[in-house]
Amino acid sequence: MIGSIYAVGAAGTGKSTFSASLKEWMIAQGFDTAVANLDPGAEYLPYDADFDIRDMISLSEVMSEYSLGPNGAQIVAADLLLENFQVMLKPLEEFDDYYVIFDTPGQIELFAFRQAAPQLVDSLSGSRATIAFISDAVLASTPSGFVSQKLLYGAVVSRFFKPSMNVMNKCDLISDKEMDTIKEWEEDTDKLLEAYMDEKQKTDKSYFAGIIRAFSEINVAGKVIPVSSRDLLGFEDVYSSMSMSFTGGEDTDTSLKDD
Ligand SMILES: Nc1nc2c(ncn2[C@@H]2O[C@H](COP(=O)(O)OP(=O)(O)OP(=O)(O)O)[C@@H](O)[C@H]2O)c(=O)[nH]1
Ligand SMILES: [Mg+2]
């Protein structure tokens, strides 16, 4: 793999659509790019997977073999995926000269918070991995939603400790004014705190002031990269952030494959 990017995020934030759109954008730029689906429970994918974990792990077979309902089966399937990653190494060799986008399971805890996940990322991608935390622009447009997604981003980064980016997806659903406000909160934590306190009149100010100030002191929360996977916007910035972590910012020269 030239490099790989793992789309990780809460259910429905747009991981699969982001993966599809990033592949489309990368190929349009001339980069060989593949998408690998790591969600054994995916019923529909908005792309043709170049590698699909469902060929190896079937949720319905896990349900019948372990006598589990869909939720229990999701957990077992996620653990089977993480524990048996060796079977993925061979088929993924085909993509040695590609960028590979990994679309991860629907619920974030099934990937980010399972024991073996960081090891899986290391084994599949080594130092060539970057994590794209996918958050939701509509949620980010409220102060509490903005804060909670930053905290979740920090939680994910602390699990993997890989180069990471905070992708704010679905930007087409918020207004320019809301976007400006989000940018303002990123620049000025006092403004964020003020807005947060207006929204949550009854909370303990000092506790949240501490959390919000920590955003500016430790750089873990970083700046969000606004994206619309629907409209294919913002992907230059995703690519720059990704290539910065692999190559220090220089384009990697690959040629587009016909197939
Ligand atoms: N408006 C808009 N909708 C989007 C965007 N990205 C994704 N969606 C929609 O959000 C819904 C969920 O998208 P998915 O890509 O399936 O999200 P996911 O995170 O992979 O979902 P799970 O794997 O089921 O957790 C779908 O209806 C998408 O069409 C976007 O940029 N803009
Ligand atoms: Mg998905």
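The values are calculated or read from the model by the stated rules, or taken from the named source; none is laboratory data. None of these values were measured; they are calculated from a predicted model. FYI the Cβ positions are ideal-geometry reconstructions off the backbone, even for glycines, and counts take in every protein chain you see. Heads up: the accessible areas ignore ligands, DNA and RNA and are worked out on the full protein's heavy atoms, side chains in. Shrake-Rupley method; radii C 1.70, N 1.55, O 1.52, S 1.80 Å.
For a quick protection proxy, order the peptides 122-135, 61-74, 233-246 by their average other-Cβ count within 10 Å, most packed first.
122-135, 233-246, 61-74
Dividing the Cα radius of gyration of the chain by its Kirkwood radius returns 0.98 for Rg/Rh.
Note on Asn84 and Glu194: with the Förster distance fixed at 41 Å, the Cβ-Cβ geometry gives a FRET efficiency of about 0.25. A 1.4 Å probe run over the protein chains yields, for segment 3-245, 46 Å² of accessible area per residue, whole-number rounding.
With the simple spin-label model, which puts each label point 7 Å out from Cα in the Cβ direction, the Glu43 to Gln201 separation comes to 4.2 nm. Need the C-alpha centroid separation for segment 118-160 versus segment 61-99, integer Å. Using only Cα atoms to place each centre, the spacing works out to 21 Å. When only C-alpha pairs under 8 Å and at least 6 residues apart count, what is the relative contact order of the chain, in percent? That works out to 25 percent.
Using the crude model of +1 on Lys and Arg Cβ and -1 on Asp and Glu Cβ, and no other charge, please compute the dipole size for segment 7-136 relative to its Cα centre, in debye to 20. Can you show the working numbers first?
Working: 6 positive and 20 negative charges, 68 e Å.
In total the dipole reaches around 320 debye.
Spin-label model, Glu94/Leu68: points 7 Å from Cα along the beta carbon direction are separated by 2.7 nm. Using unit Cβ charges (K, R positive; D, E negative) and no other charged atoms, how large, in debye to the nearest 20, is the dipole of segment 1-57 about its Cα centre? Dipole magnitude for segment 1-57 comes out near 200 debye. How many percent of DSSP beta bridges within the chain run antiparallel, rounded to 5? Around 5 percent of the beta bridges assigned by DSSP in the chain are antiparallel ones. Think of it as helices only: each DSSP H run of n ≥ 4 in the chain is worth -39500 (n - 2.57), and spread over all residues that comes to -14500 deg cm²/dmol at 222 nm. The lysines whose alpha-carbon is closer than 20 Å to the alpha-carbon of Lys183, local same-chain residues fewer than 8 away aside, are Lys150, Lys170, Lys191, Lys223.
Taking the accessible area of the chain, probe 1.4 Å, and keeping the other protein chains in place, the carbon and sulfur fraction comes to 49%.
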